[in-house]
């Protein structure tokens with residue numbers, strides 16, 4: 001009986017020495033650099049990113065005394081993190097439109113200012129928490145300069 005255990009132990013050592021650890025389970029591929037819960041880069045034209053950028057612009061409009069509305073003009077970088085929903089982190093630019101706050105409220109129909117004395121662009125960083133199943137958008141951070 002002891003000889004069988006020794007033989008089994010030797011076979012295991014040989015297999016261990018010739019095979020990569022966890023090769024049969026492909027567990028070594030799980031360490032791909034992206035860890036659960038960590039932010040990861042996402043395309044700037046992703047529909048979720050575009051919605052988050054729009055909510056950022058709307059929040060900016062609610063915080064300013066400008067008579068014109070601003071909307072997102074360029075999304076430079078976008079990250080997403082899974083946190084009881086999605087948290088988008090955006091580096092973006094927002095620019096002044098021709099629409100006044102007391103008039104048009106649909107930013108889709110607002111063109112950017114073409115009058116050089118009225119053009120204005122801000123570089124912004126924002127974090128937007130989205131709970132899709134509740135249709136809830138919350139702007140957590142909005143820093144513009």
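We did not get these values from a lab; they are worked out from the coordinates using the rules stated. The shown structure was predicted, so the numbers you read here are calculated from the model rather than taken from an experiment. Note that each Cβ is placed from the backbone with ideal geometry, even for glycine, and that neighbours are counted across all protein chains shown.
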So, with points 7 Å from each Cα along the Cβ direction, the residue 64-residue 125 label distance in nm works out to 2.0 nm
With the label point 7 Å along the Cα-to-beta-carbon line of residue 108 and a cut-off under 19 Å to each amide N, the hits in segment 33-77 are 45-59, 69-74
If R0 = 22 Å, then residue 118 and residue 73, at their Cβ-Cβ distance, give a FRET efficiency to the nearest 0.05 of 0.95
Rounded to 0.05, the calculated FRET efficiency for the beta carbons of residue 101 and residue 38 at R₀ = 30 Å is 0.20
